[in-house]
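Undergrad: Before anything else, here's the structure in question.
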Amino acid sequence: MPNLAVQKIPQMKTILLTTVIFFFVNCQLSIVNSFAQTPVKPYNENQDIRADLKKALEQAKKENKNVLIQLGGNWCSWCMRFHALVNGTPKVDSLMKENYIYFLLNVPQQKDKRDYEIFKEFEYPNRFGYPVFVILDKNGKRLNTQDSDAFEYFNPNVKGYDTTKVVRFLTLWTPKALAPATYQKK
C-alpha cells in the first residue's frame, strides 16, 4: 500500500511554489504602483477665488505676513515648475512659510471661463502670461506684480527657475524688507 504522505509531497511543493510566486509578483506590482503616482494638481479648479483670497488675507493679517498670489493653472507647465520649486527647495520653502501666505489662484485654460474682474482688481497681471505673481500686504494692498520670466535661467536650453533669483525676489518683498524701521538708525 503506497504511503499517502509521500504522494502529497509533490502537491505541497506545487502549492508552496505557487504561493511564493504569487507573493513575489504581488510585491513587485506594489512597488511599481507606488512609483506610478497620479499627477500633482496643486491648483483648485473649483476654487471660490474671492472666499479663498479673503481667508488668505485673514491669515496674513493674523500672522503678519504678505500674500504671494501665483496666478496660473494645472495646465501650465511653468506654473507647475514654480510650485515644485517652492515645495521642493528647502530655502525657498522656509522663506515662503516664514513671510508669505502662498495662494494659488486658478486661471482656467479656457479663456471664456476666466474671472476677468479679478484681473482688473489686480491691474491686469494676466498681460504677462503664466505664472505671474502678485504680492499683497496683509491688508490686501497690491505691492508688486512680477512676471516669472525674471526667474528663469539665462540659458534658454535650461528649463526651470533659478533658485537664487527666486530667493532674492522673495527676500526683497518680505514684511521686514518693507518695514521703514528696517532702514532707520537705531
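Undergrad: State whether one or more residues within segment 69-91 are over 21 Å from PRO39 (Cβ atoms), in a helix (DSSP H, G or I), modelled with pLDDT of 95 or more and among the β-branched types (Val, Ile, Thr). Steps first, answer last, please.
TA: First, pick out the residues of segment 69-91 that are over 21 Å from PRO39 (Cβ atoms): 69, 90-91.
Checking which are in a helix (DSSP H, G or I) leaves us with 90-91.
So of that shortlist, the ones also modelled with pLDDT of 95 or more come out as 90-91.
Within this subset, residues satisfying the condition of being among the β-branched types (Val, Ile, Thr) are none.
Scanning segment 69-91, I find no residue that is over 21 Å from PRO39 (Cβ atoms), in a helix (DSSP H, G or I), modelled with pLDDT of 95 or more and among the β-branched types (Val, Ile, Thr), so the answer is no.
Undergrad: So, one more: Can you pull out every residue in segment 153-178 that is in contact (Cβ under 8 Å) with a residue 40 or more places away in the chain, out of contact with any strand residue (DSSP E or B) (no Cβ under 9 Å at 6 or more places or on another chain) and charged (D, E, K, R)? Spell out the reasoning first.
TA: Kept after step one, since they are in contact (Cβ under 8 Å) with a residue 40 or more places away in the chain, are these residues of segment 153-178: 159-161, 163, 166-167, 170-171, 173-176, 178.
Still in the running and out of contact with any strand residue (DSSP E or B) (no Cβ under 9 Å at 6 or more places or on another chain): 163, 166-167, 171, 176.
The answer is LYS176, and nothing else.
Undergrad: In addition: Give me the pairs: first residue in segment 72-91 and within 14 Å of PHE133 (Cβ to Cβ), second residue surrounded by fewer than 17 Cβ atoms within 10 Å (Cβ to Cβ) and among the basic types (Lys, Arg), beta-carbon distance under 6 Å, and six or more apart or on different chains, which are they?
TA: Final answer for the pair search is none.
Undergrad: What residue, among those in segment 120-159 that are under 20 Å from the mean Cα position of the chain (by Cα) and polar (S, T, N, Q), is surrounded by the most Cβ atoms within 10 Å (Cβ to Cβ)?
TA: SER148
Undergrad: I'd like the full set of residues that are among the β-branched types (Val, Ile, Thr) and either over 15 Å from ALA51 (Cβ atoms) or out of contact with any helix residue (DSSP H, G or I) (no Cβ under 6 Å at 6 or more places or on another chain) (or both), limited to segment 99-115.
TA: The answer is VAL107, and nothing else.
Undergrad: Is it true that GLU117 is at positive phi, loosely packed, with under 12 Cβ neighbours inside 10 Å, of a type outside the set (Lys, Arg) and modelled with pLDDT of 95 or more?
TA: It is false that GLU117 is at positive phi, loosely packed, with under 12 Cβ neighbours inside 10 Å, of a type outside the set (Lys, Arg) and modelled with pLDDT of 95 or more.
Undergrad: Residues of segment 92-127 being under 18 Å from THR174 (Cα atoms), assigned to a helix (DSSP H, G or I) and touching a strand residue (DSSP E or B) at 6+ places or on another chain (Cβ under 7 Å), which ones?
TA: Within segment 92-127, MET96, ASN99 meet the criteria.
Undergrad: Hey, any hits in segment 160-171 for a residue that's outside any helix (DSSP H, G or I), more than 18 Å from the chain's Cα centre (by Cα) and either within 24 Å of ALA84 (Cα to Cα) or of a type in the set (A, V, I, L, M) (or both)?
TA: The answer is no, given that none of the residues of segment 160-171 is outside any helix (DSSP H, G or I), more than 18 Å from the chain's Cα centre (by Cα) and either within 24 Å of ALA84 (Cα to Cα) or of a type in the set (A, V, I, L, M) (or both).
Undergrad: Now a separate question. Can you work out which of the residues in segment 126-152 that are in contact (Cβ under 8 Å) with a residue 24 or more places away in the chain and small (Gly, Ala, Ser) is nearest to TYR102 (Cα to Cα)?
TA: The qualifying residue nearest to TYR102 (Cα to Cα) is GLY140.
Undergrad: Condition (residue is in contact with a Leu (Cβ under 6 Å, 6 or more places away or on another chain) and either part of a helix (DSSP H, G or I) or modelled with pLDDT of 95 or more (or both)) applied to segment 145-152: is it met by at least one residue?
TA: No: segment 145-152 contains no residue that is in contact with a Leu (Cβ under 6 Å, 6 or more places away or on another chain) and either part of a helix (DSSP H, G or I) or modelled with pLDDT of 95 or more (or both).
The values are calculated or read from the model by the stated rules, or taken from the named source; none is laboratory data. Quick caveat, the model's predicted, so the values are computed rather than measured. Cβ coordinates were reconstructed from backbone atoms using ideal geometry, including for glycine residues, and neighbour counts include every protein chain displayed.
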